[in-house]
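Trainee: Here it is: the structure, laid out below.
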Amino acid sequence: MSDPLVLFMPSGKRGRFARGTTVLEAARQLGVYVESVCGGRATCGRCQIEVQEGHFAKHKIVSSNDHISPKGAKEERYERVRGLPAGRRLSCSATIEGDLVVDVPQDVVINAQVVRKKASDRVIARNPAIRLCYVEVDEPDMHAPLGDLDRLRVALQRDWRYDRLDIDFALVGQVQAILRAGKWAVTAAIHKDRDDGPATIVALWPGLHNEAFGIACDIGSTTIAMHLVSLLSGRIAASAGAQNPQIRFGEDLMSRVSYVMMNPDGREAMTVAVRQAVNGLVDKVCAEAGAERTDILDGVFVGNPVMHHLFLGIDPTELGGAPFALAASGALAFKASEIGIAANPGARVYVLPCIAGHVGADAAAATLSEGPYRQDRMMLLVDVGTNAEIVLGNAARTVACSSPTGPAFEGAEISGGQRAAPGAIERVRIDPATLEPRFRIIGVEPWSDEPGFAEAMAAVGVTGICGSGIIEIIAGMYLAGIISEDGVIDGSLAARSPRIVENGRTFSYLLREDGPRIAVTQNDVRAIQLAKAALYAGVKLLMQKQGVSEVDTIRFAGAFGSFIDPKYAMVLGLIPDCDLAEVKAVGNAAGDGALMALLNRDHRREIEDTVRRIEKIETALEPDFQQLFVNAMALPNKADPFPKLASQVTLPPRKALAEGESGGRRGGRRR
Ligand code: FES
């Protein structure tokens, strides 16, 4: 009779094992990550699995709970004292007695809380850089005078197969006291980031210590977002966000770089500010989860290049001008204490690599999360901020660039513009026949022409218009014929509608008369045209590099992308023509990527390798950029057709291109 066949889900790894082998041992042999802190003593409860019952025809397995050993004394004791959810077994105690399909429950599901639909939720297989290892160390013996630390090493090698173990120097003096406090039983936190790299004891507790956390943090120019995650279960224990306090030194990236250049203490002040904010968030997530700071043993940080440098205490001046040299582009690893993060004194930190001088570790993390390089279709990934980070690629080749979109999409430089916040107009529709608008504001459910709007709005008030609202209104103005494809507001319509008002030599579209008056001016349209042209020209340049005339799928990362309607973004010509169903907002993809790198060190190698292979394009050096920019000033574009969009939306008739014409405007925003 052949050995039973065991299939692990969700990894799909399988193998045959002799009857009586523990399920944990089988998982280990197949390289399936199942957590274990107590080393199989049935005391930590971290090694839980579930048996899937049934006939799995594809795998030729009939799996049943009868094919696993009944609960033994140790497992029953654990169940009595700590409790086991129905159907769960301790894999260190349960042995294989027949064919099995074993489910390793993955408690982490990223994106569940954000805009993403359930269908695309993913689980992250765990393989963290930190492991907790409980050991029982031999007591000292006068006849074998091996030091306490050395006997600890022997025990870790015996039970956990660590051959070479370093130890943080700060712990050396504490080993004796901790061993005695634990009556020779201790839990060591071992940091091992690479399969072929060193393993280091970074923390030590008396007895069984059964919790370890990590933080995943995305430092954006505007907001900082953090997750606190159990490294043992993968569960997100708490999440929090805060405004980046560096805003007081400058709204956008370049003004912060200038601040450093103009003020001798500028770099230091901004580093202190962002680290304080990060520490504040650590406090917040710990309080929310009821966790101890000293249980935080690992952290992953991402950010755009300027944020990355300032957080690490590096002068970002070189990023302010060509050749935009990063002080360090590769991934970095060090102790959390070295950058003033208050966690366990032995806690480690990993910072994802930056892609290029304007395409940072945040873009690398979003790339890791969305994985254009993991699939065959041509995927466009854009993160729109004051600087758009753009990645385009598939498994064969990936290219990246950034484009200086400026702050218009965030509501700056727009007369009624504001950041996305309650009271901001976020959705706008314009009736092409009457030119009358209807809109929705953040924090108020009904649209402006629906019952209950006035009452609901009274509590919030209308304060301005945010990025998604600006995109919709300008796209709507184009669809309604209020602006031409060149972006000029048609003053002749003033005869038809009181919404079109004269404004000196140009015209405006009046959205709201009072409380407060909100109008879209000709200058507003120009500001959005400049921003969208910069983004589109960057995208188009990457498409040229890839030799493609269309993309298969588009992912919008970041807060901005979560709120914009793909249809209106495409009408505006912000993104290239694509099947609308293939345009998706992916929320904080950079934060998701940081989470992946935190929970699975293999993802660190994956993104390091990917970033090395990504071809970096510097738009400032590309001779075609200017022409692409000029073409992209038109709505949706002077040169490119949008057949897929046109099949779903009635676009105004296009002006025929005169021979040799490619738009006449010059200029554009340069860094
Ligand atoms: Fe600790 Fe199974 S490994 S309970």
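Each value in this text was obtained by applying a stated rule to the coordinates, not by laboratory testing. As the structure is a prediction and not an experimental result, all values here were calculated from the model. Counting neighbours? That spans all protein chains shown, and the Cβs are built from the backbone with ideal geometry, glycine included.
Trainee: Report the net charge of residues surrounding Pro140, where surrounding means a beta-carbon distance below 12 angstrom and charges are Lys +1, Arg +1, Asp -1, Glu -1. Don't jump to the answer; show the numbers that get you there.
Mentor: Working: positive: Arg151, Arg180; negative: Asp138, Glu139, Asp141, Asp148, Asp150.
Here the charged neighbours net out to -3.
Trainee: Another question, if that's okay. 5 Å is the cut-off here: which amide hydrogens, built 1.01 Å from N in the peptide plane, fall below it relative to Gly417, excluding neighbours closer than 5 in sequence?
Mentor: Hits under the 5 Å cutoff: Ile465.
Trainee: Pull out the extension gain between Arg293 and Lys13, defined as 0.36 nm times the separation in residues minus the alpha carbon to alpha carbon distance; nm, one decimal.
Mentor: Details: separation 280, 0.36 × 280 = 100.80 nm, distance 3.60 nm.
Length gained, Arg293 through Lys13: 97.2 nm.
Trainee: Among Arg601, Arg19, Arg429, which comes first, then next, by fewest other beta-carbon atoms within 10 Å?
Mentor: Details: Arg601 22, Arg19 13, Arg429 19.
Exposure proxy ranking, most exposed first: Arg19, Arg429, Arg601.
Trainee: Which entries in the list Lys567/Lys638; Lys616/Lys638; Lys58/Lys644; Lys284/Lys616; Lys58/Lys567 go over 30 Å, if you measure between the two C-alpha atoms of each? Could the numbers behind the result be given before it?
Mentor: On the way: Lys567/Lys638 18 Å; Lys616/Lys638 27 Å; Lys58/Lys644 39 Å; Lys284/Lys616 38 Å; Lys58/Lys567 42 Å.
Listed pairs above 30 Å: Lys58/Lys644; Lys284/Lys616; Lys58/Lys567.
Trainee: Determine the gain in length on full extension of the stretch Asp486-Asp552; use 0.36 nm per residue of separation and subtract their C-alpha separation, reporting nm with one decimal. Don't jump to the answer; show the numbers that get you there.
Mentor: Numbers: separation 66, 0.36 × 66 = 23.76 nm, distance 2.76 nm.
Between Asp486 and Asp552, full extension yields 21.0 nm more.
Trainee: With θ set to phi - 60° and the Karplus curve 6.51 cos²θ - 1.76 cosθ + 1.60, what are the ³J(HN,Hα) couplings of segment 527-539 in order, to the nearest whole Hz, using x for Gly and Pro?
Mentor: 4, 6, 4, 4, 5, 6, 5, 5, 5, 5, 4, x, 4
Trainee: Give the Kirkwood hydrodynamic radius (Å, one decimal) of segment 189-342, defined as one over the mean of 1/r across all pairs of different Cα atoms. Intermediate values should be presented prior to the final figure.
Mentor: Details: mean 1/r = 0.0599 Å⁻¹.
It works out to 16.7 Å.
Trainee: Given a Förster distance of 30 angstrom, what is the FRET efficiency for Lys616 paired with Glu338, based on the Cβ-Cβ distance and rounded to 0.05?
Mentor: Details: r = 29 Å, r/R0 = 0.95.
According to the calculation, E is roughly 0.55.
Trainee: On to the next question. Taking the Cα centroid of segment 590-644 and of segment 183-262, what is the distance between the two, rounded to the nearest whole Å?
Mentor: Comparing the Cα centres of segment 590-644 and segment 183-262, I get a distance of 26 Å.
Trainee: So, in Å, what gap is there between the alpha-carbon centers of segment 409-477 and segment 85-105?
Mentor: For segment 409-477 versus segment 85-105, the Cα centre distance is 54 Å.
Trainee: Test of understanding: ordering Phe301, Phe249 by Cβ neighbours within 10 Å, fewest first, what list do you get?
Mentor: On the way: Phe301 30, Phe249 18.
Fewest-to-most ranking of Phe301, Phe249: Phe249, Phe301.
Trainee: Okay, moving on. Given axes a ≥ b ≥ c from the Cα gyration tensor, I'd like to know whether the chain is rounded (a/c under 1.5), prolate (a/b larger than b/c) or oblate. Mind showing how you got there, number by number?
Mentor: On the way: a/c = 2.28, a/b = 1.90, b/c = 1.20.
Judged from the Cα gyration tensor, the chain comes out prolate (a/c at least 1.5, a/b above b/c).
Trainee: Can you give me the long-range amide H partners of Arg348? Hydrogens built in the peptide plane at 1.01 Å from N, cutoff under 5 Å, separation of 5 or more residues or another chain.
Mentor: Here the answer is Asp298, Gly299, Ala336, since their amide H atoms fall under 5 Å of that of Arg348.
Trainee: If you don't mind, there's one more thing I want to ask. Can you compute the FRET efficiency between Ala581 and Glu450 using 1/(1 + (r/R0)^6), with r the Cβ-Cβ distance and R0 = 22 Å? Round to the nearest 0.05. Write down the numbers at each step before the final one.
Mentor: Working: r = 27 Å, r/R0 = 1.23.
For R0 = 22 Å, the calculated efficiency reads 0.25.
Trainee: Which value at 222 nm does the chain reach when only helices count, each DSSP H run of 4 or more adding -39,500 (n - 2.57), with the total divided by all residues and rounded to the nearest 500 deg cm²/dmol? Let's see the in-between values first.
Mentor: Values: 18 runs with 188 residues, N = 671.
Helix-only estimate at 222 nm: -8500 deg cm²/dmol.
Trainee: I would also like to ask the following. Nearest 5 is fine: what % of DSSP beta bridges in the chain come out antiparallel, could you say? Walk me through the intermediate numbers first.
Mentor: Values: 73 of 105 bridges.
Here the share of antiparallel DSSP bridges comes out near 70 percent.
Trainee: Here's something else I'd like to know. Hey, which lysines would be in cross-link range of Lys183, C-alpha to C-alpha under 27 Å, not counting anything within fewer than 8 residues on its own chain?
Mentor: Lys183 reaches Lys74, Lys192.
Trainee: Turning to a different aspect of this structure: List the residues whose amide H sits under 5 Å from the amide H of Ile167, counting only those 5 or more places along or on another chain, with H placed 1.01 Å from N in the peptide plane.
Mentor: Ile201
Trainee: Hey, with R₀ at 22 Å, roughly what FRET efficiency would Ala646 and Ala433 work out to, going by the Cβ-Cβ distance, to 0.05? Provide the component values of the computation, followed by the final result.
Mentor: Working: r = 21 Å, r/R0 = 0.95.
Plugging the Cβ-Cβ distance into 1/(1 + (r/R0)^6) gives 0.60.
Trainee: Next up: Arranged by the count of other C-beta atoms within 10 angstrom, fewest first, what order do Cys44, Cys401, Cys133 take? If you can, show how the numbers build up before the last one.
Mentor: Working: Cys44 24, Cys401 27, Cys133 21.
Ranking Cys44, Cys401, Cys133 by Cβ neighbours within 10 Å, fewest first, gives Cys133, Cys44, Cys401.
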